[in-house]
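Handing you this structure, nothing more for now.
The values are calculated or read from the model by the stated rules, or taken from the named source; none is laboratory data. Given the structure is predicted, the values throughout are model-derived calculations rather than measurements. With ideal geometry, Cβ positions are generated from the backbone for all residues, glycine too; neighbour counts draw on all protein chains shown. What goes into the accessible areas is simple: the full protein's heavy atoms, side chains included, and nothing from ligands, DNA or RNA. Shrake-Rupley method; radii C 1.70, N 1.55, O 1.52, S 1.80 Å.
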Amino acid sequence: MNTDPETIRFDTIASPLGELLLTCDATGALTSLSVPGQKGGRTVREGWVREPAPFAEAARQLDAYFAGRLKEFHLELRPEGTAFRRRVWDALDDVPYGATTTYGAVAARIGASRAAVRAVGGAVGANPLLIVRPCHRVIGSDGALTGYAGGLERKVTLLTLEGSL
């Protein structure tokens, strides 16, 4: 494995949502998981190094998830973001498989004011680790399926897989 901390390591994995693009840091911790056409998602850039080995466990767990055999991911995650965004992203991990929550509930979970719901929505929308950090489980307070960086059709697919729809 290339151990230069500045080198972006990546691999792609086939999935029912399209080809997933995963990146990791020098330790092998996942830094992003993007779907094709994702709003704000990553794309392979010059200088990135394809290195499948650090992603073997993520690939195994993602395959099991899409096959309906895995309900909780156990991967080392290291996304880059502000302290507020990291708190929101961490709160997403507490939303169980097969359940949904609201932006207001996420705000309450991290101790943010009701006025911070819009900021929570922005942080959820900026989640760099789709699927493994389940932002797809966040819905509107009226039960509506609100925006998803990977596209609403993918959100429906994930929630249907998990039995939430």
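On a 1.4 Å probe surface of the protein chains, which of Leu145, Leu152 comes out largest in accessible area, and what is the full order?
The ordering from most to least exposed comes out as Leu152, Leu145.
In deg cm²/dmol and to the nearest 500, what is the mean residue ellipticity at 222 nm of the chain if only DSSP H runs of at least 4 residues count, each as -39500 (n - 2.57), divided by the residue total?
Mean residue ellipticity, 222 nm, calculated: -8000 deg cm²/dmol.
In addition: How big is the gap, in Å, between the Cα center of the range 116-131 and the Cα center of the range 11-88?
17
On C-alpha positions alone, give me the angle between the axis of helix 152-161 and the longest principal axis of the chain, in degrees, nearest 10.
It is inclined by approximately 90 degrees.
Let me spell out the model: positive unit charges on the Cβ of Lys and Arg, negative unit charges on the Cβ of Asp and Glu, origin at the Cα centre of the range 37-165. What dipole size does that give, in debye rounded to 20?
Dipole magnitude for the range 37-165 comes out near 320 debye.
Could you calculate the FRET efficiency of Ala67 with Ile110 from 1/(1 + (r/R0)^6), where r is the beta carbon distance between them and R0 is 22 Å, rounded to 0.05?
0.10
At 1.4 Å probe size, what's the solvent-accessible area of Tyr97? Round to the nearest 10 Å².
Accessible area, nearest 10 Å²: 50 Å².
Tell me the net charge near Gly18. Cut-off is 12 Å between Cβ atoms, Gly18 excluded, with +1 for each Lys or Arg and -1 for each Asp or Glu.
-1
For the range 108-165, with every protein chain kept in place, what is the accessible area per residue (1.4 Å probe, Å²)?
On the way: 2470 Å² over 58 residues.
That works out to 43 Å² for each residue.
Here is a follow-up. Counting only protein heavy atoms, what percent of the accessible surface of the chain is carbon or sulfur at a 1.4 Å probe?
Exposed carbon and sulfur together represent 51 percent of the surface.
With both partners inside the chain, how many of the DSSP beta bridges are antiparallel, as a percent to the nearest 5?
If I count the DSSP bridges inside the chain, around 60 percent turn out antiparallel.
Also, I was wondering about something else. Please compute the net charge surrounding Ala112, taking Lys and Arg as +1 and Asp and Glu as -1 over other residues with Cβ under 15 Å from its Cβ.
+4
Using a probe radius of 1.4 Å on heavy atoms only, what accessible surface per residue do you get for the range 39-88? Whole Å² is fine.
The answer is 70 Å² per residue.
Oh, and also: What is the sum of charges around Ala149, taking Lys and Arg as +1, Asp and Glu as -1, for the other residues whose C-beta is under 13 Å from the C-beta of Ala149? Kindly include the intermediate steps, with their values, before the conclusion.
Working: positive: Lys39, Arg42, Arg133, Arg154, Lys155; negative: Glu153.
Surrounding charge for Ala149 is +4.
Considering the chain as a Gaussian network with a 10 Å cut-off on Cα pairs, which listed residue, Glu46, Glu76, Glu153, attains the greatest mean-square fluctuation?
Glu46
Classify the range 63-109 as rounded, prolate or oblate from the Cα gyration tensor: take a ≥ b ≥ c as the square roots of its eigenvalues, call it rounded if a/c is under 1.5, otherwise prolate when a/b beats b/c and oblate if not.
Oblate shape, in that a/c is at least 1.5 and b/c is the bigger or equal ratio.
Here's a follow-up. Using θ = phi - 60° and the Karplus form 6.51 cos²θ - 1.76 cosθ + 1.60, what ³J(HN,Hα) does each residue of the range 105-112 get, whole Hz, x for Gly and Pro?
5, 5, 4, 4, 4, 9, x, 8
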